[in-house]
Amino acid sequence: MPDLLIELFSEEIPARMQGAAREALKKLVTDGLVEAGLTYSGAGTFSTPRRLVLALEGLSSESRPTREERKGPRTDAPQAAIDGFLRSTGLSLDQLEKRADKKAEVWFAVVEKPGRAAAEIIAEVLEAAIRNFPWPKSMRWGTGSLRWVRPLHSILCILHDEAGATVVPLSVDGIPSGDTTEGHRFMGPGRFAVTSFEDYAAKLRRAKVMLDQAEREEAIAHGAKNLTFAAGLEVVEDRALLTEIAGLVEWPVPLMGQIPEAFLGLPPEVLQTSMREHQKFFSARNPKTGRIEAFLTVANIETPDDGATILAGNLKVLTARLSDARFFWENDLRVAKAGMQEWAEGLTHVTFQSKLGSQSDRIARIASLAREIAPLVGADPDQAEHAARLAKLDLRSAMVGEFPELQGVMGRYYALQAGEPEAVANAARDHYSPLGPSDAVPSEPVSVAVALADKLDTLTGFWAIDEKPTGSKDPFALRRAALGVIRLVLGNDINLSLTKLFRTALGDYDYRTARHDSLSRGASADEMKIFSGSLEGWIRPAHDEDVASLLAFFHDRLKVFLKDQGIRHDVIDACLAMPGSDDLALLVKRATALSDTLKTEDGKNLLQGYKRANNILTQAEEKDGVEYSFGPDPKLAETDEERALFAALDQAEAKITPAMQAEDFATAMQAMAALRGPIDAFFDTIQINTDNQIIRRNRLNLLHRIRAICSGTADLTKVEG
């Protein structure tokens, strides 16, 4: 069985597109070959800046012949129907067969397709893949019609077996296939022929091309580590940058240069961001001081002077870039040391959202909400409100204007320069967090208060103007904001009522929207008097449907979050049915305890016992038209099993009641699970619907007590199984 090697050689492919392109080439070609009847044993894809490569092992040499029987119209059907069937099969009328089918004769077609040579199929599939390749952006060049990410120069396509290599003949827009390729643009020997994948990879390496993306990443990381270790420094890890640079070079040569002393006073985040964004440099840090003192660049060529000329050119450009950064830093420090009032005033003219006012309006709302949240998280209300008013001022700074990803980070530096306390400065840095599932969760009380206020204001604001996420669309990242609130609450074990906070925040929007509307329509002096008092005195209640909708949205996000931790949706639903479901920390404690209990044999059997008791009791109440909720009398117990259940329920209740008051759901559910044995024994030996109505009523009341005790922690009727 032959092996197949395909290489599409072009001008430089953008690094960000190479990973998806490898997968697309593999899928388009392998799916096409399999659909045409070929099989293969293994596939590998590779890329460099100038080539996409697919290697298949164990490809079948031809497709299998096929035979298909297709039922057509009746023999007396209209001629148009028969003609259509003939066209679909590619046969003539004399090639069809008449067969009896129930009450009529119908035409049958037997379509036989002979096997086809692999080369013929490969040519068709590869041409279709090239012409329909899903590049995010593509271009045309010359006079041809082919579109590719960059001009395509050559197509290498060969089949290799024991007899040797043969070229698969095809031509795409005037570009013929062949068995040759090129190595490195500057260090390679020119075009050369290859006979197999092993020959191809070996000759490319001699031509200064590392074919494997992972190998190039490892070479860069290893070389950078050696350079920094020798200088007593360490590389600042940046996986995304490593992947990007490996897609920019075919023969990576790491080089290290020193950052001029004049720029070492800049914050390390500024140096790292400037070098990464503008020049794709890694940063080298002094582990003793934490300062960024050197840069690492990756050349695509070996030079006689060991990269000295390259480093000199890079340093010249770097100096210009860092001079800009130092200019921004020094100007921002001037504003920060003056109290940042200039930036605060500037935010009044920056629109947050057309219906939600300016950034200044938003800051006022966040500050008000942070004051409400502060006591719930152990923060000082005055400090939390003050931190919220400062947290976003760096949006007007020159540094954040140049590097938006530094918002918050620079806010901390500027707050410290303004003489603010550490807690306030840290809140400026942390209030955006957590931004994603891998981002750290703030833990300082002031930071937590401002971070919660920031995210809750965003959510309630867009709910207030009816801009909710729909389907896969979430242009304002509201799902991420909700997940951020969930992680903040759970990460810091905060008990708070989301419903109350929603009402507070939505009420603030009601106030501001009403005031803005009145101002815009020229309200009278009497009308404006309602706005002259305190905010709290005017706020009208938020709409219940908005609060309910927001809470349901949070519950959906929580289900997704807890699913990753192994907690089933039905378990969460059982806990959501209980009071206090707007307290996420309480809800998760309840769900975790129930999930852990249901994983035990006692928990599983208790669930069955509970459902049995609930079903019998529900049916009896429906039949009798009464509710059996009067306390059962242990004096009416007739058997040892019945008396043992009374005693077990007393013992369980004595443990469950204080545990529930202390929100110790694990202990409460352990006490519930201990009822498994007595309940099983009760059902195994006792007839509930006995002829003695007094005994029957007492036993039904006993079932009610089982249901009441087990339902105190969660609505077990919603648990599956």
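The values are calculated or read from the model by the stated rules, or taken from the named source; none is laboratory data. Keep in mind that what you see is a predicted model, and the values were worked out from it rather than measured. We place every Cβ from the backbone using ideal geometry, glycine too, and count neighbours over all the protein chains shown.
Here are some notes:
- Unmet criterion (only one of (1) at pLDDT below 90; (2) under 28 Å from residue 443 (Cβ atoms)) for residue 525: (2)
- Residue within the range 105-126 that is of a type in the set (Asp, Glu), under 21 Å from residue 177 (Cα atoms), surrounded by fewer than 18 Cβ atoms within 10 Å (Cβ to Cβ) and out of contact with any Pro (no Cβ under 8 Å at 6 or more places or on another chain) present: yes
- Residue within the range 95-109 that is touching a helix residue (DSSP H, G or I) at 6+ places or on another chain (Cβ under 8 Å), free of Cβ contacts under 8 Å to residues at least 40 places away in the same chain and of a type in the set (A, V, I, L, M, F, W, C) present: yes
- Scanning the range 56-64 turns up at least one residue that is at pLDDT below 85, within 53 Å of the chain's Cα centre (by Cα) and crowded, with 17+ Cβ neighbours inside 10 Å.
- Condition met for residue 284 (hydrophobic (A, V, I, L, M, F, W, C), buried (at least 16 other Cβ atoms within 10 Å of the Cβ) and within 30 Å of residue 330 (Cβ to Cβ)): yes
- Among the residues of the range 24-55, the ones that are part of a strand (DSSP E or B), of a type outside the set (Phe, Trp, Tyr) and buried (at least 17 other Cβ atoms within 10 Å of the Cβ) come to 9 in all.
Table: residues versus (1) touching an Asp or Glu at 6+ places or on another chain (Cβ under 9 Å); (2) surrounded by 12 or more Cβ atoms within 10 Å (Cβ to Cβ).
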site: 290; (1), (2): no, no
site: 300; (1), (2): yes, yes
site: 307; (1), (2): no, yes
site: 319; (1), (2): no, yes
site: 332; (1), (2): yes, yes
site: 339; (1), (2): no, yes
site: 343; (1), (2): yes, yes
site: 353; (1), (2): yes, yes
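- Among the residues examined, residue 652 qualifies as surrounded by 17 or more Cβ atoms within 10 Å (Cβ to Cβ), under 30 Å from residue 493 (Cβ atoms) and in contact (Cβ under 8 Å) with a residue 40 or more places away in the chain.
- Within the range 108-145, the set of residues being within 19 Å of residue 25 (Cα to Cα) and either touching a Gly at 6+ places or on another chain (Cβ under 9 Å) or aliphatic (A, V, I, L, M) (or both) comprises 118, 119, 121, 122, 123, 124, 125, 126, 128, 129, 130, 139.
- The residue that is surrounded by the fewest Cβ atoms within 10 Å (Cβ to Cβ), among those in the range 553-582 that are small (Gly, Ala, Ser) and farther than 14 Å from residue 497 by Cα, is 566.
- Flag for residue 242 being modelled with pLDDT of 95 or more, crowded, with 21+ Cβ neighbours inside 10 Å, among the aliphatic types (A, V, I, L, M) and farther than 23 Å from residue 413 by Cβ: no
- Against the test of being within 30 Å of residue 259 (Cα to Cα), in a helix (DSSP H, G or I) and under 34 Å from the mean Cα position of the chain (by Cα), the options 312, 367, 325 yield a single qualifying residue, 325.
- Of everything listed in (1) over 24 Å from residue 271 (Cβ atoms); (2) not in a loop (DSSP other than H, G, I, E, B), the single unmet condition for residue 343 is (1).
- Within the range 28-42, residues that are free of Cβ contacts under 8 Å to residues at least 40 places away in the same chain have Cβ atoms under 6 Å from residues that are among the hydroxyl-bearing types (Ser, Thr, Tyr) and part of a loop (DSSP other than H, G, I, E, B) in these pairs: 39/60, counting only partners at least 6 apart in sequence or on another chain.
- For the range 605-642, a tally of residues being of a type outside the set (S, T, N, Q) and surrounded by 15 or more Cβ atoms within 10 Å (Cβ to Cβ) returns 18.
- Listed by position, the helices (runs of 4 or more DSSP H) enclosed by the range 603-721 that each have at least 1 residues that are in contact with a Cys (Cβ under 8 Å, 6 or more places away or on another chain) and either more than 22 Å from residue 570 (Cα to Cα) or modelled with pLDDT of 85 or more (or both) are 665-673.
- Put simply, of 202, 219, 214, 224 the only residue that is in a helix (DSSP H, G or I) and touching a residue at least 60 places away in the same chain (Cβ under 8 Å) is 224.
- Tabulated pairs, the range 569-597, first touching a residue at least 40 places away in the same chain (Cβ under 8 Å), second among the hydroxyl-bearing types (Ser, Thr, Tyr), C-beta under 7 angstrom, 6+ apart or interchain: 571/595; 582/497; 582/499; 583/497; 590/713; 594/713
- Total residues in the range 402-439, condition in a helix (DSSP H, G or I) and touching a residue at least 60 places away in the same chain (Cβ under 8 Å): 9
- Some residue of the range 412-427 being within 20 Å of residue 377 (Cα to Cα), surrounded by 21 or more Cβ atoms within 10 Å (Cβ to Cβ) and among the basic types (Lys, Arg): no
- Matching entry among 250, 261, 269 (being touching a His at 6+ places or on another chain (Cβ under 7 Å) and not assigned by TED's automatic domain parsing to the domain that holds residue 9): 250
- For the range 440-457, a residue qualifies if it is assigned to a loop (DSSP other than H, G, I, E, B) and either within 23 Å of residue 550 (Cβ to Cβ) or over 17 Å from the mean Cα position of the chain (by Cα) (or both), and the qualifying residues are 441, 442, 443, 444.
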